[in-house]
Amino acid sequence: MALSSPLQNLSALISASGNATTATARPPRGRPWAVHAASSDTTTAAQAQLGRYEEGKLERPKWVGETPLSRLVQALISFKPLFSVLKLGARRALISTAEKNNIPWRKMAQEILESEVYRELESIQNQSLVYPDYYLNPFHAYEEGNLTWLAAAEAEAATMSMARRALPDASSIQEANQILRGNWLHAIEQHHMQYSESCVIDDILDIGCSVGISTRYLADKFPTAKVTGLDLSPYFLAVAQHKEKRAMPRKFPIKWIHANGEDTGLPSKSFDLVSIAFVLHECPTRVIVNLVREAFRLLRPGGTLALTDFSLKSKVLQELSPVLFTLVKSTEPFLDEYYLTDMDETLREAGFVNITSILTDPRHVTITATVPQ
Ligand SMILES: C[S@@+](CC[C@H](N)C(=O)[O-])C[C@H]1O[C@@H](n2cnc3c(N)ncnc32)[C@H](O)[C@@H]1O
């Protein structure tokens, strides 16, 4: 088969170069949202490279938008027989690369699938929720997108792989996670301290919380806050609740809500921090705009919005090999729309101020913004 050779090389290609190091700067102390003991390592690693990851020379990668290269990739993906091969190849490559990197993908998924996770579904699922059309597309090589137990069971391993890909030079998967999440949390904390010091973070909403990884990082970082994770997939939320029930109890247990982040039904001005982490690249532009507007409605004056996702400017992503970006695009139906959305403009139009962008790892940008006081 003509494609087998590049696909076989995929594992090597997935480990594209990065440049993270660790250092020992001290996190700020004595804030109401002061760093929780369990997360201090994370913040320490965070401060090493923050703001120093390399940008490419282009406005955005050549493989998105209306460039000839992007059109060629799109034509390849649109050819159904090839698309199926690509999707399958992408999935196989992801799993084998993860396992080579000490992420026991299949074992982790099996543990979830053989657990009592199914019991959580009933208490979490909002039966009257109408899913938006875009959400019913295949995602990440799952025919039914995020609406399956398999996608939910594999989500944590997939998230670990994403951190590993972003930081291939980290000494371990744990370190890669700590740097990626630590830099993101540090950027949020710095932004809030700079622009809203008098606004204590009491209530946090994590839109698109998936299986709760970002939600737990937020809850660990801001242990005095009440944290809510919200997602469209009841299967992901069931895994989140199942895992959280087996973790150390918290003063304020995390709340999980099955809802659409575009229209949450939650009261206006009820949060001090809204996070949308690694969600927007899965959404069409109109949904990105709706999510940002809903976040603005939900935040109190002085509240902070934190978006993190692929960076247009990332040198590593701009220089991604053709095999790799073709595979990525074959499993991410809205990547082009995400890359073509002017995020600063979207935030400004929604009413946000103090819009700040920073590369928090070689591949991802964290954009923070404030609701005017
Ligand atoms: C890649 S995952 C997010 C990962 C997670 N935030 C983290 O940082 O580990 C993207 C999530 O966004 C969710 N999602 C997509 N559109 C959404 C919407 N309109 N409302 C709520 N969740 C949404 C998906 O179900 C999926 O769980």
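Computed 3J(HN,Hα) for region 143-158, one whole-Hz value per residue from the Karplus formula 6.51 cos²θ - 1.76 cosθ + 1.60 where θ = phi - 60°, is 4, 9, x, 8, 9, 9, 5, 5, 4, 5, 5, 8, 5, 5, 5, 5, glycine and proline marked x.
Our Cα-only numbers for region 49-370 put the radius of gyration and Dmax at 18.8, 57 Å.
For region 49-370, the relative contact order is 24 percent, taking Cα pairs closer than 8 Å that sit 6 or more residues apart in sequence and dividing their mean separation by the residue count. Charged side chains reduced to their Cβ positions (Lys and Arg at +1, Asp and Glu at -1) give region 49-370 a dipole of some 540 debye around its Cα centre. In loop segments of region 197-265 as defined by DSSP, the GluC sites (Glu not before Pro) with at most 12 further C-beta atoms inside 10 Å of their C-beta are Glu197. Spin-label pair Ala259-Thr356: with each label point 7 Å from Cα along the Cα-Cβ axis, the two points sit 2.8 nm from one another.
Normalised per residue, the accessible area of region 49-370 is 42 Å², obtained with a 1.4 Å probe and no contribution from ligands, DNA or RNA. Across region 303-373, counting alpha-carbon atoms alone, Rg and Dmax equal 13.9, 47 Å. For Gln373 and Tyr135, the FRET efficiency from 1/(1 + (r/R0)^6), where r spans their Cβ atoms and R0 equals 22 Å, is about 0.05. Measuring with a 1.4 angstrom probe and ignoring ligands and nucleic acids, Arg165 comes out at about 60 Å² accessible. Based on alpha-carbon centroids, what's the gap between region 292-341 and region 119-181 in Å, whole number please? A separation of 15 Å, based on Cα centres.
Bridging of Lys87 to aspartates and glutamates at a Cα separation below 14 Å is possible for Glu143, Glu144, Glu332, once same-chain residues fewer than 8 apart are set aside. Accessible surface of region 49-370, 1.4 Å probe: 53 percent of it comes from carbon and sulfur atoms. Pairs from the list Lys226/Lys269; Lys255/Lys329; Lys243/Lys315; Lys62/Lys100 with a Cα-Cα gap above 25 Å: Lys255/Lys329; Lys243/Lys315; Lys62/Lys100.
The values are calculated or read from the model by the stated rules, or taken from the named source; none is laboratory data. Every value quoted in this text rests on a predicted model; they were computed, and no experiment measured them. With ideal geometry, Cβ positions are generated from the backbone for all residues, glycine too; neighbour counts draw on all protein chains shown. These accessible areas exclude ligands, DNA and RNA; they are computed on the full protein's heavy atoms, side chains included. Shrake-Rupley method; radii C 1.70, N 1.55, O 1.52, S 1.80 Å.
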